[in-house]
Amino acid sequence: MLTREEILALCASNPEVIAYIVSLETQIKELTERLIALESRLNQNSRNSSRPPSTDFFVKEKPNPKSLRKKSGKKPGGQDGHPGTTLENVEVEAYEKRQVFDIPPVNLIVTEHKSQIKTCPHCGRINKAVFPESVKYPVQYGPNILASAIYCKNHHFIPYERISEFFEDIMGIKICPATIIRAEKECFQNLECFENIIREKLMTSYVVHFDETGMKIEGKRHWLHVASNDKYTCYLPHSKRGAEAIDAMGILPEFKGVAVHDGWKPYNVYDCDHALCNAHLQRELTGIEENYKQQWAKEMNELLTEMKKYTDECKDQVKELDFEQIKALEERFDAIIIKGIEENPQSLNPEKKGKRGKNPKTKARNLLDRFIEHKENILRFLTDLKVPFENNQAERDIRMMKLQQKISGTFRTIQGAEAFCRIRAYISTIRKNGLPVLEGIIAALKRAPLTIP
């Protein structure tokens, strides 16, 4: 067997061997990175990535704990010789009251409108009185019934057929889906001005959250866009995901406040301040820590949590920011970035090109580059207490729309999707402002939507 010195001497005298070893090292490095990337994909879940909880696998990781107690050999219950006890009558010292709240059986109330018909004694012309504007047909449902049906469909996502069954079982009313759809269409048309007002209010707000998610319309992939804050909600279904749809929504092109989003590139081109969702980043940091075993990701995750705790305390105690402390936190941020660069050196093969002509990077390096490039947007919440730490507002507003598709199915027409989105945005907005939902829908059917401050 050759000694180490002999092997080194052989390599030194043979450049081809050295080149072969270097190529092997490069291949080993690349294969190791691919293996780690594949394992990280298998290990992804909603806790350490942007995957939704519905994609998680329910795997039992640990066996059930076993009890250390031993069997005593005794029969269950009281043992022989144990003195028994029983209940005894006692004197009543006071009374306890209990009340039952209930509703009476639902009875349908019919209001009949009569229009008098008279003949003019002078000209002989027949004249008929005018019915109220809302009474359009010989027989029709009133606004309370129609508003209740719209409420069930657009707030609780109950399918049309089940709404019909519910009304028949509870109220004895056989309302057909076509009647509900007609009422929704009327409500949709009456809310056009309201939607424009909400867009204007969002455009002039200081902070607005943005997000998008896929939705099926006419069996094809479309996108649902949302712009919202704690007071207002606006939805837009669109066939595109990027700038075309964002422009069609009509908020970001003229918005001058702080746009909170998940860092998707089309948002970054608009001329306003941006704040990235740190909840997204923390999930990705967790994935890098677990799958790539990188210390910088762990430290950055902990630092972001510490920063959030500090800003939350400032908000709760209504105190000003300490910029010396902020400076110290930012210096720790920079130090972690330097450690991340040391843990993620450039590729060993700079000549290699990826599918898009760029030198491919690991997932860890891509995330690190985002922290370097978008430091100001990531830490905006730290220097401005009006800016939230995460994009939870938009995610909450969009989550219910995803739930609708799981419960009621996809939309058959773009008109149906637009009607649902506008009505749902109206319901979301009036709820955020503490106004009654059912009364708001009735007002919309009467062409007088509730006024939002």
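Simple spin-label model, 7 Å along Cα-to-Cβ: Glu320 to Thr410 in nm?
5.7 nm
Please give the net charge around Tyr151, taking every other residue with its beta carbon less than 14 angstrom from that of Tyr151, where Lys and Arg add +1 and Asp and Glu add -1.
Net of charged neighbours comes to +2.
Once both labels are modelled 7 Å past Cα along the beta-carbon direction, what's the Arg47-Lys339 spacing in nm?
About 2.2 nm, to one decimal.
Taking the alpha-carbon centroid of each part, what is the distance from the stretch 357-416 to the stretch 111-156 in angstrom?
Centre-to-centre (Cα) distance: 49 Å.
Normalised radius of gyration for the stretch 209-277, please: alpha carbon Rg relative to 2.2 N^0.38 Å, two decimal places.
Details: Rg = 11.9 Å, N = 69, 2.2 N^0.38 = 11.0 Å.
In units of the 2.2 N^0.38 Å rule of thumb, it is 1.08.
Over the heavy atoms of Glu218, what accessible area does a 1.4 Å probe trace out, to the nearest 10 Å²?
100 Å²
Note down the nm distance, to one decimal, between modelled labels 7 Å out along Cα→Cβ at Glu25 and at Cys176.
Each label point lies 7 Å from its Cα, and together they span 8.0 nm.
With contacts defined as alpha carbon pairs under 8 Å and 6 or more residues apart, what's the relative contact order of the chain in percent?
On the way: 478 pairs, mean separation 92.6, N = 453.
Contact order relative to length: 20 percent.
Roughly what percent of Cα-Cα pairs across the stretch 171-222 reach past 17 Å? Write down the numbers at each step before the final one.
On the way: 889 of 1326 pairs.
Every Cα pair in the stretch 171-222 considered, those over 17 Å come to 67 percent.
What FRET efficiency comes out for the pair Arg370/Asp271, r = Cβ-Cβ distance, R0 = 22 Å, nearest 0.05?
Numbers: r = 21 Å, r/R0 = 0.95.
Computed FRET efficiency for Arg370 and Asp271 comes out at 0.60.
Among the listed pairs Lys293/Lys339; Lys298/Lys327; Lys114/Lys136; Lys201/Lys319, which have their C-alpha atoms separated by more than 23 angstrom in this model?
Working: Lys293/Lys339 13 Å; Lys298/Lys327 21 Å; Lys114/Lys136 13 Å; Lys201/Lys319 28 Å.
Check vs 23 Å cut-off fails for Lys201/Lys319.
With a 10 Å radius around each residue's Cβ, average the other Cβ atoms per peptide and rank 142-151, 40-49, highest first.
Order by mean packing, descending: 142-151, 40-49.
Hey, what angle do you get for helix 192-203 against the long axis of the chain, alpha-carbon based, 0 to 90 degrees rounded to 10?
Helix 192-203 sits roughly 30 degrees off the main axis of the chain.
Using r as the Cβ-Cβ distance of Gln140 and Glu168, and R0 as 22 Å, what FRET efficiency do you calculate, to the nearest 0.05? Can you show the working numbers first?
Details: r = 18 Å, r/R0 = 0.80.
It comes out at approximately 0.80.
Chymotrypsin sites (Phe, Trp or Tyr not before Pro), restricted to the stretch 257-300: which are DSSP loop and have at most 15 other Cβ atoms within 10 Å? Don't jump to the answer; show the numbers that get you there.
Numbers: sites: Trp264, Tyr267, Tyr270, Tyr292, Trp296; in loops: Trp264, Tyr270.
Answer by residue number: Trp264.
If you bin the C-alpha pair distances of the stretch 122-227 every 10 Å from 0, what whole percents do you get?
The percentages, shortest bin first, are 11, 27, 29, 19, 9, 3, 2.
Kindly give the semi-axes, whole Å and largest first, of the ellipsoid equivalent to the chain, taking each as the square root of 5 times a Cα gyration tensor eigenvalue.
Details: eigenvalues 681, 288, 120 Å².
Sorted largest first and rounded, they come to 58, 38, 24 Å.
Select from the stretch 153-233 those trypsin sites (Lys or Arg not before Pro) which occupy a DSSP coil region and have at most 15 other Cβ atoms within 10 Å, ordered by residue number.
Values: sites: Lys153, Arg162, Lys174, Arg182, Lys185, Arg199, Lys201, Lys216, Lys220, Arg221, Lys231; in loops: Lys174, Lys231.
Those satisfying the criteria are Lys174, Lys231.
Hey, what angle do you get for helix 392-408 against the long axis of the chain, alpha-carbon based, 0 to 90 degrees rounded to 10?
In the chain, helix 392-408 runs at an angle near 60 degrees to the longest axis.
Taking every pair of alpha-carbon atoms in the stretch 200-350, what share in percent sits in each 5 Å bin, from 0 to the bin with the longest distance?
The calculated distribution, bin by bin, is 2, 8, 13, 14, 15, 14, 14, 12, 6, 2, 1, 0.
The values are calculated or read from the model by the stated rules, or taken from the named source; none is laboratory data. Just so it is clear, the structure is predicted and the values come from calculations on it, not from any experiment. In this analysis, Cβ positions are derived from the backbone assuming ideal geometry, glycine residues included, and neighbour counts consider all displayed protein chains. What goes into the accessible areas is simple: the full protein's heavy atoms, side chains included, and nothing from ligands, DNA or RNA. Shrake-Rupley method; radii C 1.70, N 1.55, O 1.52, S 1.80 Å.
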